[in-house]
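Below: the structure, in structure tokens.
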Amino acid sequence: MPIDEEELYQEHILDHYEDPFHRGHLPTATHAHEDNNPLCGDVVRIELELGEDGKIRDCFFSGQGCVISQASASMLLEKMQGKTVDEAKQFSAEDMLQLYGARLTPNRQKCCLLSWKVLQSAVHSPVGRDGT
Amino acid sequence: MPIDEEELYQEHILDHYEDPFHRGHLPTATHAHEDNNPLCGDVVRIELELGEDGKIRDCFFSGQGCVISQASASMLLEKMQGKTVDEAKQFSAEDMLQLYGARLTPNRQKCCLLSWKVLQSAVHSPVGRDGT
Amino acid sequence: MLELKSPTIDRSKLLPASLRDDFPILQQIVHDEHPLVFLDNAASTQRPRQVIEVLRRVYERDYANVHRGIHTLSERSTEQYEEAREKVRAFIGAEKPTEIVFTSGTTAGINLVARSWGDANVKAGDEIIVTTMEHHSNLVPWQQLAERSGAVLKHIPITDDGLLVLDTLDTLLTERTKIVAVASVSNVLGTINPVTEITRRAHAAGAVVLIDAAQSVPHLATNVREIGADFLAFSGHKMLAPTGIGVLFGREELLDAMPAFLGGGSMINRVWEDRFTPAELPAKFEAGTPPIAPAIALGAAIDYLKLIGLENVQRHEHELCRYAYERLLEVDGLRILGAPPDRRAGLVSFTLPEPHAHDIAQLLDERGIAVRAGHHCTWPLHDRLKIAASTRASFYLYNTPAEVDLLVEVVGEIRERFRPKGRKRRGGS
Amino acid sequence: MLELKSPTIDRSKLLPASLRDDFPILQQIVHDEHPLVFLDNAASTQRPRQVIEVLRRVYERDYANVHRGIHTLSERSTEQYEEAREKVRAFIGAEKPTEIVFTSGTTAGINLVARSWGDANVKAGDEIIVTTMEHHSNLVPWQQLAERSGAVLKHIPITDDGLLVLDTLDTLLTERTKIVAVASVSNVLGTINPVTEITRRAHAAGAVVLIDAAQSVPHLATNVREIGADFLAFSGHKMLAPTGIGVLFGREELLDAMPAFLGGGSMINRVWEDRFTPAELPAKFEAGTPPIAPAIALGAAIDYLKLIGLENVQRHEHELCRYAYERLLEVDGLRILGAPPDRRAGLVSFTLPEPHAHDIAQLLDERGIAVRAGHHCTWPLHDRLKIAASTRASFYLYNTPAEVDLLVEVVGEIRERFRPKGRKRRGGS
Ligand SMILES: Cc1ncc(COP(=O)(O)O)c(C=O)c1O
Ligand SMILES: Cc1ncc(COP(=O)(O)O)c(C=O)c1O
């Protein structure tokens, strides 16, 4: 299989898909957010534990959807683990697409950017008493 | 000017337009109706005096609109004067178009049939106390 | 394995493949080397030369605004526009052309009914019945009506096989039921619903029936009088016509009694500064400049379908669909949603354990095959089936068994490629 | 007679007549021998080859349903559809593409605002201001809203010259005024209304402003931010694009706060059996399959207009219109409705003592000239002017002074032919 920019399902993407970084839940989460892509139904939830030093101590994701949306969530969290909230906020949509690597058509960019959108909201969404 | 079926403004039509049969109002009217063509705004009102013998003793029209709608009203009333109500009811849309003579496109047929439609309603519309 | 006979196709049931020549868009190569295999027809179909040509002719020779114009082009456009209405009337067996309202699509038609008929007739405590398999376009407008009016929305459930549980209808129907709104064919399950029977029962309970016929009018012969439908809506773009045109059929008596909906040019009889009186049917519901050229081209699409014969279209699609259904089951782990082939129209939706529907669609596209993936605007149905998304292959008169074979072959390859392989992230933490 | 100088035309202000070659429909002969003279552009314009070609290309190469599709054709259509939105945004100077909602036309756009924004914001006793010169499409929806809500509808009056009596606006505007809905250009009088000034005053009084720009966007450079418009609606078919497509601009803040209007596919974020959440802008207001190909072709029409330059279009039309205005006054007894040439866009409506407007239109058509006759969907305006109907000649970039000359000549002949001749019915009773 050719590994070029055009190839959506590059080996390292499939690796993330099959062996994701921190898929699951985070009982110690201080912040969390969930959203979906209305066009297709993909769902991503991100749970964060933010330290008092402004750092992302730990992060987990859950959800369902295509290889792109799930692998990109895994890549994003692997990258963000230990980073500061400011660094997370400064991580732009462009950065996300670059991190993903494979070139995406506009429709598929939405898949790739879902977890990024959820992260941007999650850092502003403290977990309530009821765990939401 | 050629006088053929294609010619909308045949001389006898213009005659009716300029010298209409019974344009005006009928103080002795027992029945009356008014309607308009919503596409263009033409208005025709017909007032009838129906006898106990079921005959149209007298009839007048008023209104404003194109040569076709006004001349056709004149032709129609000239034809109906003295006829029975049953004869008026049996006078079909086709009869009206034939009476008019010149060939009309669908849009203009509506102009020609306005007075015919008003007549068909007028025979069923006794004049109220208030003269409507 | 012993029982497995390889599925076969009965070519005598198929339309001649030569009619593909009528569709310029099908003659193309995508991704450098793959002939286009268009299996996304339930979303929207393609157009034959004959329809594209009519659009061109209208714009190059006959076009002007309709109805109010007293000049040659306006007369031509008006005549062709009304001819199209007459073609639609005959095509669905309506009694009068005044019962045919041109809209911008199925969605617009259903909303028209929910707003005009609904707001006038549905009160707090009244009931609206839909089904679990409705497209959002035949669900959200009723949710909105229920919200505005205080009415209750009820759902005819479905079996695991994707059939309506019709028995429940008699308990769902009460004297408070005002309308039953149901799809004639599901856009995901392909199920052909028994709309005539549903209409009979709804009428017996005093309810009105709206049929979302977006997926049936293009494929199966439709007769609104035989069904007994009160309202029936469909879209031109799903039946070889351009986008931007749809049809709402309504029984004259109902349309006549309904208040006007959109206000504007053409829908009036007389206007004063402070009030208006509505026009007669169908103008009353066609406010503003209508989609003139798309409507005329819809007439041309109907001509084309009639020339081929809708029975032949139906037989062709049914044979293809049965073949696809049987062959797709060869793929290990593939789950087909909904009814067996004899209860369904020409589409098959399925899931694989891996990968997700979008990935299947993406990988099929790389081989030239266009299918649709996602919830197909039927989120409650997907919730009911406990799946997030599905992949749908939907057929029309120009599809071929070879296209089905390619679909099955590539789906099989995708299945193999995404079997868990014990991969590990490199340098993962 | 002494003062009468024969009107002249300044050809340096005109567009090259060669651009007529772009319009196939103009190259025809009607009624056997008369070259088509199309002066019905305010009702709907014609399309250049470049626009028709884009329609053909979309349907022959790029078409599939948009947004949800993960395959080549759907990606192409989606991209082109969104590109068209971006072209519209730039064309009218909106800030964001999310402020551009594709509709089926001006009428649909105004009704969307009257229903969604109106029902949410206008209460009993509130006030809505329109003008006496509004098209029914910008009047009836507000009458309907007033009827539903118990609000009061008020009218900015006009002078005998067809100008708004702007002084009255300050007395009409009260703290109960919720919206001012006004045409930027009258489709009968041609008056260019001072919408920026109206918007300024309305905003000062706390009211929202909707501009019916059906007659201005195709002809005059428009910038919604300079105007300060809250809503602005127009139609593709009046600006070289196909029928079935229109645009509603709304300020993001307002659109965001408005409830969804039509329910269905694409306008949702999530749907459950009993409820839904709406999508983000602009999808929230684009329920169902949109007019995909017409929208893409609207983009092509905008490209064409930008290539020619809207300033040049405006100058051309203004020069033609001034010339037509002056020359028509040569016809004995002819009355032109509305403002002097320097206050009007490119159209002239008139009446003759005899015959009626329809007859004038009919007789002009016999000489190949297409004009419109009737009330032009402005019945209250005609009542105000105390006329039943008028004849309108409206210009666009492809019209020529020679066409104006022919119009004037034939109108003069008609005037002569219908002078009272003392005719008598033959055999009349
Ligand atoms: C001023 C004005 N407003 C609204 C409209 C309605 O436009 P449409 O018929 O395209 O909806 C028109 C055109 O007919 C118009 O001239
Ligand atoms: C069953 C069904 N109903 C309604 C619709 C909506 O049709 P449209 O998008 O043309 O309004 C569709 C198609 O998307 C459909 O499949």
Where the eigenvalues come from the Cα gyration tensor of chain C, what are the semi-axes √(5λ) of the equivalent ellipsoid, largest first, in whole Å? 38, 28, 19
Cα convex hull of the stretch A:65-126 - mean projected area over all directions, nm²: 4.2 nm²
Per principal axis, descending, Cα span of the protein assembly as shown in whole Å: 103, 62, 56
Around B:THR84, which amide H atoms from residues at least 5 apart in sequence, or from another chain, sit under 5 Å from its own amide H, with H modelled in the peptide plane? B:ILE56
Can you tally the net charge around C:PRO420? Count Lys and Arg as +1, Asp and Glu as -1, for every other residue whose Cβ sits under 9 Å from the Cβ of C:PRO420. +1
Across 10 Å bins from 0, what is the distribution of all Cα-Cα pair distances for the stretch C:75-139, in whole percents? 17, 35, 32, 13, 3
How about the stretch C:117-190: which GluC sites (Glu not before Pro) there are in a DSSP loop, with at most 11 other Cβ atoms within 10 Å of their Cβ? C:GLU175
Among DSSP bridges having both ends in the stretch C:51-306, what percentage is antiparallel? Round to the nearest 5. 45 percent
Diffusion coefficient, µm² s⁻¹, Stokes-Einstein with Kirkwood Rh over alpha-carbon pairs of the stretch C:1-117 at 10 °C and 1.306 mPa s: 84 µm²/s
What relative contact order, as a whole-number percentage, does chain D give when Cα pairs under 8 Å and 6 or more residues apart are counted? 22 percent
When Lys and Arg each count +1 and Asp and Glu each count -1, what net charge do the other residues less than 9 Å away from C:VAL130, Cβ to Cβ, add up to? -1
Given backbone amide H placed at 1.01 Å from N, residues whose amide H is under 5 Å from that of C:VAL185, ignoring those fewer than 5 places away on the same chain, are C:ASN193, C:GLN215, C:SER216
For the stretch D:197-272 the chymotrypsin sites (Phe, Trp or Tyr not before Pro) that pass both the DSSP coil test and the at-most-16 other-Cβ-within-10 Å test are D:TRP272
Taking the stretch B:1-103, which trypsin sites (Lys or Arg not before Pro) meet the DSSP loop condition and have no more than 14 other C-beta atoms within 10 Å? B:ARG103
Average silhouette area of the stretch D:281-324, convex hull of alpha-carbon atoms, in square nanometres: 4.9 nm²
For D:VAL208, enumerate residues with amide H under 5 Å from its amide H, sequence gap 5+ or separate chain, H modeled in the peptide plane. D:ILE179, D:VAL180
Tabulate in residue order the Karplus-calculated ³J(HN,Hα) for the stretch D:377-393, using 6.51 cos²θ - 1.76 cosθ + 1.60 with θ = phi - 60°, rounded to whole Hz; enter x for Gly and Pro. 6, 9, 5, x, 5, 5, 4, 4, 7, 6, 10, 8, 6, 9, 10, 10, 10
Can you list the HN-Hα couplings for the stretch C:160-174, worked out from phi with the Karplus curve (6.51, -1.76, 1.60; θ = phi - 60°), rounded to whole Hz and with x for Gly and Pro? 4, 7, x, 9, 5, 7, 5, 3, 5, 4, 5, 7, 5, 6, 10
Under the rule a/c < 1.5 gives rounded, and otherwise a/b versus b/c splits prolate from oblate, where does the stretch D:271-429 land using the Cα gyration tensor? prolate
Mean projection of the alpha-carbon convex hull of the stretch C:51-306 over all orientations, in nm²? 14.0 nm²
Please list the equivalent ellipsoid semi-axes of the stretch B:42-85, computed as the square roots of five times the alpha-carbon gyration tensor eigenvalues, in descending order and whole angstrom. 22, 10, 5
In a shell of Cβ-Cβ distance under 11 Å around B:VAL118, excluding B:VAL118 itself, what net charge do Lys and Arg (+1) and Asp and Glu (-1) give? -2
On average, how many beta carbons from a partner chain sit within 10 Å of the beta carbon of a residue in C:172-184? 0
Quick one: check the C-alpha center-to-center distance for the stretch D:231-261 versus the stretch C:233-270, whole angstrom. 20 Å
Order D:193-205, B:61-73 from most to least packed using the mean count of other Cβ atoms within 10 Å. B:61-73, D:193-205
Here the relative contact order (percent) of the stretch B:5-122, from C-alpha pairs under 8 Å and at least 6 apart, is 32 percent
Stokes-Einstein diffusion coefficient for the stretch A:14-117 at 4 °C in a medium of 1.567 mPa s, Rh from the Kirkwood formula over Cα pairs: what value in µm²/s? 95 µm²/s
Give me the distance between the Cα centres of the stretch D:333-351 and the stretch C:111-169, rounded to whole Å. 53 Å
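Every number here is computed from the coordinates shown, using simple stated rules; none is lab data. Small disclaimer: the values here were computed from a predicted structure and weren't measured. All Cβ positions, even for glycine, are placed from backbone atoms using ideal geometry, and neighbour counts span all protein chains on display.
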